[in-house]
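Written below as structure tokens is the structure these notes are about.
The values are calculated or read from the model by the stated rules, or taken from the named source; none is laboratory data. Being a predicted model, the structure only gives us computed values, none of them experimental. A quick note on method: Cβ atoms are made from the backbone with ideal geometry, for glycine too, and the neighbour counts reach across all protein chains shown. Note: accessible area is taken over every heavy atom of the protein model, side chains too, but ligands, DNA and RNA are not part of it. Shrake-Rupley method; radii C 1.70, N 1.55, O 1.52, S 1.80 Å.
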Amino acid sequence: MPAHDVVLLPTALKLYPPVVSLDCRSQAFGPLNFPFHLNFGSRNKKVSRLNAGFWESIRSGILKNNTAQVIEPPSIVEEEEEPLPEEFVLVETTKPDGTVEQIIFSSGGNVDVYDLQALCDKVGWPRRPLSKLAAALRNSYIVATLHSTVKSAGEEGNGQKKLIGMARATSDHAFNATIWDVLVDPSYQGQGLGKALIEKLIRALLQRDIGNISLFADSQVVEFYRNLGFEPDPEGIKGMFWYPKY
Amino acid sequence: MLLHNHIPITPLPLRNPTRRRNAAISANFAVSDDSLSSRGFTFHRTIENLNLDHLNSVFAAVGFPRRDPDKIRLALEHTDALLWIEYEKTRRPVAFARATGDGVFNAIIWDVVVDPSFQGIGLGKAVMERLVTELLEKGINNIALYSEPRVLGFYRPLGFVADPDGIRGMVYSRKQKKK
């Protein structure tokens, strides 16, 4: 398997394959939690409800048999737009039995490394040493995540929280950013979540004035990223890898 | 120019690509430290003593847009590895390259430049091979870059492959976005 590669997703999913996959070996470590609050201002951490409009652009639309309320800010970066909150509810669904599931986006990088490893296992990526995973997260400029929380009807406070998606970007904090490791839990694929994840990540990067956002895409996901505004080989510029293993 | 260390410059058609990769890792530099110092060049791995205005001039000389030196400084402070060559006579940078990444898995090389008056004598290769080696020594195996079409031939002999396995480099463009 190529060192740099894009991962071949497990069968069911077409749209949200990760961009890069890596080799690794697992090791045992103590709980590693890296609250990683990259912040720009004091108005973070509020979970805000915003207007719909975003979902029209998502092909898969509304979930069947559920009341899915889509709460989403307009996704195009405009001239005077509100800064993206660090954390907010992307989708809220009320199931027939009354439980409420929320998909929460966060750019705060609060990822439990064990959860991440479990998610990587789920999408079929080769294992990587936990300490390296933790270091990679720490050294990333923005780590964007999707978590699902489920609350029973009438339950107060947060329900169980589960990591269901992640994408991260490395950057020099001034000019360039590169997106790596895009993944969405197979059971949550096909709902436009991967697209939302990338859109929000892009928006967060643009708001920090990073002008050049790049990534490397497997041939089968070039279209996916094209639809998000990425152009392959702009002006003939080619992505090259040093002695790729393949 | 005599090369002190003889390494295969063009990737050999070895049956096993891994052997080729391993061979490159263990080989010595094509442009040796001696050949650099004997010609009056010193190389540096930090931004200490690097005059950013001079660096900006080199960028401008090769056609990069001139960038705010404060932003350049910020970028260099958040760069995983960088290498520059100083021409002792003028005390100015004449070659440069840097790499950003996550420090463990991936690195991307940016801003590879050689002052036009110093091109063609192996400085670009010297900078690149040392930068790649430094990244490999840190355990970073996935080293990538974006190459303009006219310099693909510069990177290929250094071991870089374009679009391996169909992977495409993509860049975000605001105008591009479909709704």
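Once both labels are modelled 7 Å past Cα along the beta-carbon direction, what's the B:ALA61-B:GLU48 spacing in nm?
That separation, rounded to one decimal, is 2.5 nm.
Name the residues of the range A:163-180 whose accessible area falls by at least 10 Å² when all protein chains are present instead of the chain alone, probe 1.4 Å?
A:ARG168, A:THR170, A:SER171, A:ASP172, A:HIS173, A:ALA174, A:PHE175, A:ASN176, A:THR178, A:TRP180
Please compute, for peptide A:191-201, the average count of beta-carbon atoms on other protein chains lying within 10 Å of each residue's beta-carbon.
Taking the mean over all residues of the peptide, I get 0.
Hey, what D do you get for the range A:155-204 in µm²/s if you plug the Kirkwood alpha-carbon radius into Stokes-Einstein at 10 °C and 1.306 mPa s?
The calculation lands on 126 µm²/s.
Quick check: convex hull over the Cα atoms of the range A:96-237, volume per residue in Å³, rounded to an integer?
That works out to 134 Å³ per residue.
I need the peptides B:138-144, A:93-99, B:101-107, B:89-95 ranked by packing, meaning the mean over residues of other C-beta atoms within 10 angstrom, with the highest value on top.
Final packing ranking: B:101-107, B:138-144, B:89-95, A:93-99.
For B:SER37 and B:ARG91, compute 0.36 nm times the residue count separating them, minus their Cα-Cα distance, and round to one decimal in nm.
Full-extension gain reported as 18.1 nm.
For the range A:94-168, state what percent of all Cα-Cα pairs lands in each successive 5 Å bin, counting from 0 Å until the bin that includes the largest distance.
Binned Cα distances yield the sequence 3, 15, 22, 22, 15, 11, 7, 5, 1.
Could you give the C-alpha radius of gyration of the range B:72-179 expressed as a fraction of 2.2 N^0.38 Å, taking N as the number of residues it contains?
Normalised Cα radius of gyration, the range B:72-179: 1.18.
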